[in-house]
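The values are calculated or read from the model by the stated rules, or taken from the named source; none is laboratory data. Values in this document were obtained by computation on a predicted structure and should not be read as measured data. Heads up, the Cβs are rebuilt from the backbone with ideal geometry, glycines too, and the neighbour counts pull from every protein chain shown.
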Amino acid sequence: MSSAPEDDARSGGEDEIPRQGFLAAMPKRTLSRVVVLLAALAGIIYLRQRTNSIAGCMADAFRVLPAVEPTRSSVPIKARALVSPDLREKGR
């Protein structure tokens, strides 16, 4: 007998690679792990100090400009419509 069809459906027919945590994926040496964590901490502190300026730049970038009212010129628009002779005959 073969394995139950439920087991085949759950596994998808292929073996899955188990997920590793963040610390497990880092290099095993203690010194390199400490350096990477300190660099991440320094980046977090730097971004925390610059939060106000970053938020200001983002607000300026995504600000919606107010709608501008179209100005009317005091000069009237002069236009002349020309109708071809073929269209005049169709209209009669």
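What to note about this one:
- Set Arg63, Arg29: member being over 21 Å from the mean Cα position of the chain (by Cα), surrounded by fewer than 10 Cβ atoms within 10 Å (Cβ to Cβ) and not hydroxyl-bearing (Ser, Thr, Tyr): Arg29
- For the condition modelled with pLDDT of 85 or more and at negative phi, Arg50 qualifies.
- Residue within region 21-34 that is assigned to a helix (DSSP H, G or I), hydrophobic (A, V, I, L, M, F, W, C) and modelled with pLDDT of 75 or more present: yes
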